[in-house]
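Since the structure comes first, as structure tokens, the remarks are kept for the end.
The values are calculated or read from the model by the stated rules, or taken from the named source; none is laboratory data. Because the structure is predicted, anything quoted here is derived from the model rather than measured. Virtual Cβ from ideal backbone geometry, glycine too; neighbours counted across all protein chains shown. Only protein heavy atoms, including side chains, enter the accessible area calculation; ligands, DNA and RNA are left aside. Shrake-Rupley method; radii C 1.70, N 1.55, O 1.52, S 1.80 Å.
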Amino acid sequence: MSAPAHVPTASGEQPASPAPAARPGRHRFLPYLLLLPGAAWLFLFFVVPLVQLAAASLYDPAGSLSTGYALTWSFDNYPAALQAYWPQFGRSFWYAGIALVLALLMGYPLAYAIAQKAGRWKHLLLVCVIAPMFTSFLLRTLAWKTILSDNGWLVGLLRDVHLLGPDGRLLATPVAVVLGLTYNFLPFLVLPLYASLERLDRRLLEASSDLYASPLKTFRRVTLPLSMPGLTAGTLLFFIPATGDYLNAELLGTPNEYMIGNVIDSAFLVRLDYPQGAALSFLLMSAILAVVFGYLRNAGTRDVL
Amino acid sequence: MRISRWLAEHWVLGVALLVLGYLFLPIAVVAALSFNRPSSRLSYDFNEFTLDNWRNPCATSEMCEAVLRSVQIGFLATVVATVLGTVMAFALARHRFRGRSGLNVLIFLPMATPELVMGTSLLALFVSGGVPLGFWTIVIAHVMFCVSFVVVTVKARLTGMDGRLEEAAMDLYAGEWQTFRRITLPLVLPGIVAAALLAFSLSFDDFIVTNFNSGTTVTFPMYVWGAAQRGIPPQVNVIGTAMFGVALLLVLATSLAHRARAGGQRRPAP
Amino acid sequence: MDPQTSAGDLRLAHLTKTFGALTAVEELDLTVPQGSFFALLGASGCGKTTTLRMVAGLEEPTRGRVLLGDRDITRLRPYKRPVNTVFQSYALFPHLDVFENVAFGLRRRGIRSVDGQVRRMLSLVQLDGYERHHPAQLSGGQQQRVALARALVNHPQVLLLDEPLGALDVKLRRRMQLELKRIQTEVGITFVHVTHDQEEAMTMADTVAVMNAGRIEQLGAPAEIYEFPATAFVATFLGQSNLIAGDVSGGNGGDLLVTAYGTRFSVPSARSRADQGPVLLGVRPEKLRLAAAAGQVPAGHQHVEGSITDAFYVGVSTQYLLRTGWGTELSVFVANSGAQERFAVGERVVAHWDPRHAFLLGRQVDEDDRTAPMRHEPVGASW
Ligand SMILES: Nc1ncnc2c1ncn2[C@@H]1O[C@H](COP(=O)(O)OP(=O)(O)OP(=O)(O)O)[C@@H](O)[C@H]1O
Ligand SMILES: [Mg+2]
């Protein structure tokens, strides 16, 4: 597991020079001292709960909050949960995947334009990408609800040009949910990508076209491989929260668009079925980790697009 | 001829502007609604222009309390996470020790874990430990998911820094503390500030983890969530727009100041 | 000599630095007298920077000691040493302007009024008016001068310079060399100067040390090293040498007799580093002369016959490659003073030299002739 070391760097920088030589003996315990508080925090409030959640996922499903749960190692909770909710599970990855493709199609040109074409407007444009994040996530999603609503101008326009049937709608459809996912996590994709593309040396592109590469070839053979670290980080920072999200489905969709997040949310907060919620949480997390590590393994060697 | 060539070189910019438009569309709606006098509680349509919402943003005291609480939580979580994360970043970037790679995994995992899973597992911990949910459990949770982002951001800045600068300082009679204060800290500060801003925005806007660990405490996102079911008071949009405006101004001001400082010295003296 | 002088000598004793399996510096023993200008020469990666870093206290020696006068400073922290460094990569503080960079050391030592000193130093390196510039706004050469000023302003006991003039154009470099030399003699600071520029080392230094693979191969006054190198490495690294493989076959009064390829040569024993067994007979290309026939060789000169295989006209001199009867090549520099005739490729000539200009080095049994490759520049012209 050496991959995490370079994964999602918000600013995307790579190590440049070695740290100055540590004096042997002088600071032997210092690093441990420095790490202790943060590591302890993560251990106590991240690792321990996860372990506990793992245990909870093996509780006897017959128990309840009021009667208490017994740890009966009921591994059956997993197949049971999966059987009951596999459509939502599949939908999570399906929606997040489509949203990722859309986000790449929009985010790559955006990051590229800011990094390489914007010149003196670079900083302003970058701020424009970040600024929407400061308006609450929920408010923006509610705003989409307004924009996509049946009597809104967008639906009217689409009906007029017959892209939508006379009573076609956007809100409460998978389109709205995917659009919301794409929208909400787009900056997480753009920022690391921008950091990578910004360091891309202009002369490399010139050298490539000097060596008879068409713009498309230059992009495939030079730009894309060199932006790979940012692309990897951005893809992960987009895909992970998008898969686990349930607010977009809740606000922009209907129960027909519910993702696994909605199920987990209701298992914990509505149905109070802790074993099932825990089992689903673990299934989600392991599925995401499997995708992430599978992706990381291939990211360096294989073209993504 | 000339037009097609120009297009070939600049179509990316066009696409970028369209995407930016997409990013700003909902903000525009939020901003517009902040000047709206809604016809009914559940209506999101633009009805009538008014400045009332801006004149009186705290029409519902409940909302303003929630905003204040979110700011408090954000502030506390940011301070704690920035301190813990920065210190860890220093250890990771500057020292070789046993267990480094294990620690890197520990720091990476929270970023690869869906918020939902973090929220639920923490909830289970607090419930089984008999910890009353509320303000402090929210702070604890926020620190937990902010720390990793702080570590990664600060570490990137630290490893990008030339270690020889510190050696040069020591060579010029600066002791360890002086070297840290005069060289290391100023050079890493932008990274720390960026990390703190990131932590604050993550905390201020968090709904999912908070929703699981808040008990009856209401933060701003939770207030919005609750209000969305009952009808949102237009003042919520005022807060959203104001946050956006403040962030925009802040960032613009710093970058302008930066440019002014650099621009004043660009031309060499004769 | 002067007791006060020796009190400030920089001494390295058995200084060794290993990085894992790699020995970067090996058993270094040397004394740099106070106030002298000491140049360290050597191929890239031979351990020069590592040596300087150990003197500065930035690298802890694996073994050995660093002494300043009688004081053992091996374990002293860098900021406690009266030693300053001009770093190979400048290492200017990017967040401080030129003035603050230069004032940094003074301020750290608690000196209040730094203004005058800093400005004097800046005008010394011809950067007046650049006080408020940031390093990123300076050219490479300007940055280098700031680095120089930043170290010099502290008047350290020892100044370590790691290729401080590498990025400067020739004219500015000459001026800075003069300035450095002037400052050094004026202030009496000990300079330890690492450079790749042999000419710079020769003209500026009182003592030159040639380093190879972590060891010092030879140390001495520039002329001494050049005229009588101690090893084949020094003979070929510093300028060029024709090294002919042979064996000592006997003595003749003050001379040693060497047999190479069936021909006998003599070398004064005072110019010999080995007096028996396999040896290398060395002659610098500019010490060789060409004659059309053996009859024209002056009395007492040694000679070798051959034919010219290549001739390069390089302005101040003509460089010839001469294939000897036994098949190896010698290089010969002939000054274009007009006193000598020019030879054409293919001509048969006789190369001859005064034996007092030759030197004799020990040789590994399996080692062959070593003739330095011809260089297409006026080498040695200014020495
Ligand atoms: N921190 C280090 N870790 C491992 N090896 C090192 C380190 N520093 C230097 N070395 C190695 O030690 C040897 C000597 O390095 P040094 O920097 O002293 O060379 P140098 O003589 O200054 O070369 P140059 O002329 O190119 O500057 C090199 O082989 C180098 O790779
Ligand atoms: Mg070096």
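Given a Förster radius of 30 Å and the C-beta distance between A:LEU272 and B:LEU68 as r, what FRET efficiency does 1/(1 + (r/R0)^6) yield to the nearest 0.05? Show your work: numbers first, answer last.
Working: r = 31 Å, r/R0 = 1.05.
The value I calculate is 0.45.
Give a residue-ordered list of calculated ³J(HN,Hα) values for region C:217-230 (Karplus: 6.51 cos²θ - 1.76 cosθ + 1.60, θ = phi - 60°; whole Hz; x for Gly, Pro).
With the stated coefficients, region C:217-230 comes to 7, 7, 9, x, 5, x, 4, 4, 5, 5, 6, 9, x, 8 Hz.
Binning at 20 Å from 0, report for the protein assembly as shown what percent of all alpha-carbon pair distances ends up in each bin.
Values per bin, smallest distances first: 11, 32, 28, 18, 9, 2, 0.
Based on DSSP loop calls and a cut-off of at most 15 other Cβ atoms within 10 Å, the longest stretch of chain B free of exposed trypsin sites (Lys or Arg not before Pro) is what? Could you put the intermediate results ahead of the total?
On the way: sites that count: B:ARG41, B:ARG96, B:ARG98, B:ARG266.
With a cap of 15 other Cβ atoms within 10 Å, the longest stretch comes to B:99-265.
For region C:282-332, place one equal point scatterer on every Cα, skip the solvent, and apply the Debye formula. What is log10 of I(q)/I(0) at q = 0.19, 0.25, 0.29 Å⁻¹?
-0.67, -1.10, -1.30
So, with +1 on the Cβ of K and R and -1 on the Cβ of D and E, and no other charges, what is the size of the charge dipole of chain B about its Cα centre, to the nearest 20 debye? Walk me through the numbers before you get to the answer.
Working: 20 positive and 14 negative charges, 170 e Å.
It works out to roughly 820 debye.
Over the C-alpha atoms of chain B, what are the Rg and the largest Cα-to-Cα span, Dmax, in Å?
23.5, 74
What are the ³J(HN,Hα) couplings of region B:122-135, residue after residue, when phi is run through the Karplus curve with 6.51, -1.76, 1.60 and θ = phi - 60°? Round to Hz, x for glycine and proline.
5, 4, 4, 4, 5, 5, 5, x, x, 7, x, 6, x, 3
Projected onto the charge dipole of chain C (+1 at Lys/Arg Cβ, -1 at Asp/Glu Cβ, origin at the Cα centre), which of C:VAL297, C:VAL125, C:TYR226 gives the Cα projection farthest towards the positive end?
C:VAL125
Given the protein assembly as shown, what percent of its DSSP beta bridges are antiparallel, to the nearest 5?
Details: 68 of 87 bridges.
Antiparallel bridges make up about 80 percent of those DSSP assigns within the protein assembly as shown.
Name the lysines eligible as straight-distance cross-link partners of A:LYS217: C-alpha to C-alpha under 28 Å, and not fewer than 8 places from it in the same chain.
Result set, ordered by chain and number: A:LYS117, A:LYS122.
In a Gaussian network model over chain B where Cα atoms closer than 10 Å are linked, find which of B:GLY191, B:GLY21, B:GLY85 has the largest mean-square fluctuation.
Maximum fluctuation in the GNM of chain B, among the listed residues, is at B:GLY21.
Assuming a ≥ b ≥ c are the square roots of the Cα gyration tensor eigenvalues, decide whether region B:60-210 counts as rounded (a/c under 1.5), prolate (otherwise, with a/b larger than b/c) or oblate. It would help to have the intermediate numbers written out before the result.
On the way: a/c = 2.90, a/b = 1.80, b/c = 1.61.
Verdict is prolate for region B:60-210.
Give me the distance in nm between label points sitting 7 Å out from Cα along the Cα-to-Cβ direction at B:ARG96 and C:ARG175, one decimal.
4.5 nm
Can you run the Rg to Rh ratio on region C:10-227? Use alpha carbon positions and the Kirkwood inverse-distance Rh. Walk me through the intermediate numbers first.
Details: Rg = 16.9 Å, Rh = 17.7 Å.
Radius of gyration over Kirkwood radius for region C:10-227 works out to 0.96.
Ignoring ligands, DNA and RNA, how much accessible area is buried between chains B and A, both sides summed, with a 1.4 Å probe, to the nearest 100 Å²? Walk me through the numbers on the way to the answer.
Working: alone 17400 and 18360 Å², together 27410 Å².
That pair of chains buries around 8300 Å² in total.
Between C:GLN296 and A:ASP150, how many nm apart are label points set 7 Å from Cα along the C-beta direction?
Going by the 7 Å Cα→Cβ label model, 11.2 nm.
Calculated from DSSP H runs of 4 or more alone, at -39500 (n - 2.57) each and per residue, what is the 222 nm mean residue ellipticity of chain C, nearest 500? Before the final figure, lay out each step's value.
Details: 9 runs with 84 residues, N = 383.
Counting only the DSSP helices, I get -6500 deg cm²/dmol.
Between B:ILE73, B:ILE107, B:ILE138, find the one with the highest GNM mean-square fluctuation for chain B; connect C-alpha pairs within less than 10 Å.
Residue with maximal mean-square fluctuation among B:ILE73, B:ILE107, B:ILE138: B:ILE107.
What do the square roots of 5 times the Cα gyration tensor eigenvalues come to for region A:74-299, in whole Å, largest first, as semi-axes of the equivalent ellipsoid?
The answer is 35, 25, 15 Å, longest axis first.
Taking the dipole about the Cα centre of chain C, with the C-beta of Lys and Arg at +1 and of Asp and Glu at -1, give me whichever of C:LEU41, C:GLY277, C:LEU322 is farthest to the positive side.
With unit charges placed on the Cβ atoms, the residue in question is C:LEU41.
What does the charge dipole of region C:10-227 about its Cα centre add up to, to the nearest 20 debye, if the Cβ of each Lys and Arg holds +1 and the Cβ of each Asp and Glu holds -1? Show your work: numbers first, answer last.
Working: 27 positive and 24 negative charges, 186 e Å.
My answer is approximately 900 debye.
If you wrap region B:152-243's Cα atoms in a convex hull and average its projection over all directions, what's the area in nm²? Don't skip to the answer; put the middle values down first.
Details: hull surface 35.0 nm².
Result: 8.8 nm².
At most 14 other Cβ atoms within 10 Å and a DSSP loop assignment: could you name the trypsin sites (Lys or Arg not before Pro) in region C:17-120 that fit? Walk me through the intermediate numbers first.
Numbers: sites: C:LYS17, C:LYS48, C:ARG53, C:ARG63, C:ARG65, C:ARG71, C:ARG75, C:LYS80, C:ARG107, C:ARG108, C:ARG109, C:ARG112, C:ARG119, C:ARG120; in loops: C:ARG75, C:ARG109, C:ARG112.
Those satisfying the criteria are C:ARG75, C:ARG109, C:ARG112.
Å³ per residue of the Cα convex hull, for chain C?
Details: hull volume 66.7 nm³, N = 383.
So the per-residue Cα hull volume is 174 Å³.
For chain C, give the share of DSSP beta bridges that are antiparallel, in percent and rounded to the nearest 5; count only bridges with both residues there.
Working: 65 of 84 bridges.
Counting only bridges with both partners in chain C, antiparallel ones make up about 75 percent.
Compute all pairwise cysteine Cβ distances in the protein assembly as shown, then list the cysteines with no distance under 4.7 Å to another cysteine.
Cys with no partner Cβ under 4.7 Å: A:CYS128, B:CYS146, C:CYS46.
Kindly provide the chymotrypsin sites (Phe, Trp or Tyr not before Pro) of region C:46-149 that DSSP labels as loop, not H, G, I, E or B, and whose Cβ sees at most 10 other Cβ atoms within 10 Å. Numbers along the way, then the final one.
Details: sites: C:TYR79, C:PHE87, C:TYR90, C:PHE99, C:PHE104, C:TYR130; in loops: C:PHE87, C:TYR90, C:TYR130.
Sites meeting the loop and neighbour criteria: none at all.
Which lysines, if any, have their Cα less than 29 Å from the Cα of C:LYS80, not counting same-chain residues under 8 positions apart?
Straight-distance partners of C:LYS80: C:LYS17, C:LYS48, C:LYS181.
Which FRET efficiency, nearest 0.05, do C:THR23 and C:LEU76 yield, Cβ-Cβ r, R0 30 Å?
0.80
Taking chain C as a Gaussian network, where each spring joins two C-alpha atoms under 10 Å apart, which residue of C:VAL98, C:VAL297, C:VAL210 fluctuates the most?
C:VAL297
Can you tell me the FRET efficiency between A:THR254 and A:LEU157 if r is taken as the Cβ-Cβ distance and R0 is 30 Å, rounded to the nearest 0.05? Walk me through the numbers on the way to the answer.
Details: r = 23 Å, r/R0 = 0.77.
So, using R0 = 30 Å, E works out to roughly 0.85.
At 1.4 Å probe radius, can you tell me the per residue accessible area of region C:10-227 in Å²?
Values: 8270 Å² over 218 residues.
Counting only protein heavy atoms, the per-residue value for region C:10-227 is 38 Å².
Let me spell out the model: positive unit charges on the Cβ of Lys and Arg, negative unit charges on the Cβ of Asp and Glu, origin at the Cα centre of the protein assembly as shown. What dipole size does that give, in debye rounded to 20? Please report the intermediate quantities before stating the final value.
Working: 80 positive and 71 negative charges, 288 e Å.
The calculated dipole for the protein assembly as shown is roughly 1380 debye.
Work from the charge dipole of region A:194-295 (Cβ charges, +1 for Lys and Arg, -1 for Asp and Glu, about the Cα centre) and give the residue of A:GLY261, A:GLY234, A:ALA195 farthest towards its positive end.
Highest projection toward the positive end goes to A:ALA195.
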